[in-house]
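Below you'll find the structure, written out as structure tokens, and then a few comments.
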Amino acid sequence: MTDGYSVDGGLEGIASTLRSAGSNLGGIGAPPPAPDAGDLTGALTMMIVGFTDSAAEVVLGVGIAGDNVAAGSETYLNLEDSARQGLPIVQ
């Protein structure tokens with residue numbers, strides 16, 4: 001800004017990174033097929049299901065974090081812009 005007051009919008013970059021990470025994780029696809037592990041097949045399959053469920057929660061959480069950071073950034077930038085408008089211009 002020409003009056004020497006500026007606001008850094010860097011939080012939007014963080015929000016974008018979080019959203020991209022969530023999309024990338026979510027795009028990995030379906031869990032692998034059940035392994036052929038003999039007597040341990042059932043136990044290993046349950047472990048894989050647990051890992052898949054946990055990964056889905058991470059994807060959801062990262063996406064929500066990105067949305068929350070973006071909302072906070074927008075609020076911050078709006079408040080800072082309002083504060084800037086109330087400042088006298090110093091020549």
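Quick note: the coordinates plus some simple rules give every number you see, no bench work behind them. Keep in mind that what you see is a predicted model, and the values were worked out from it rather than measured. Note: ideal-geometry Cβ built from the backbone for every residue, glycine included; neighbour counts use all protein chains shown.
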What is the dipole size for the chain, taken about its Cα centre, with +1 at each Lys and Arg Cβ and -1 at each Asp and Glu Cβ, in debye to the nearest 20? 80
Treating only the Cβ of Lys, Arg, Asp and Glu as charged (+1, +1, -1, -1), what charge dipole size does the range 39-86 show about its Cα centre? Round to the nearest 20 debye. 100
The chain: relative contact order as a whole-number percent, Cα under 8 Å and 6+ apart: 49
What is the list of residues in the range 26-46 whose amide nitrogen lies under 12 Å from a point 7 angstrom out from the Cα of ASP53, following Cα to Cβ? 46
In terms of the Cα gyration tensor, with a ≥ b ≥ c the square roots of its eigenvalues, is the range 39-86 rounded because a/c is under 1.5, prolate because a/b exceeds b/c, or oblate? prolate
With angles folded into 0 to 90 degrees, how steeply does helix 41-85 sit against the dominant principal axis of the chain? Use alpha carbons for both and round to 10. 0
Count the net charge of all other residues whose Cβ sits under 12 Å from the Cβ of GLY22, scoring Lys and Arg as +1 and Asp and Glu as -1. -1
Cα convex hull of the chain - mean projected area over all directions, nm²: 7.1
Roughly how many nanometres apart are two label points built 7 Å out from the Cα toward the Cβ at ILE14 and ALA37? 3.9
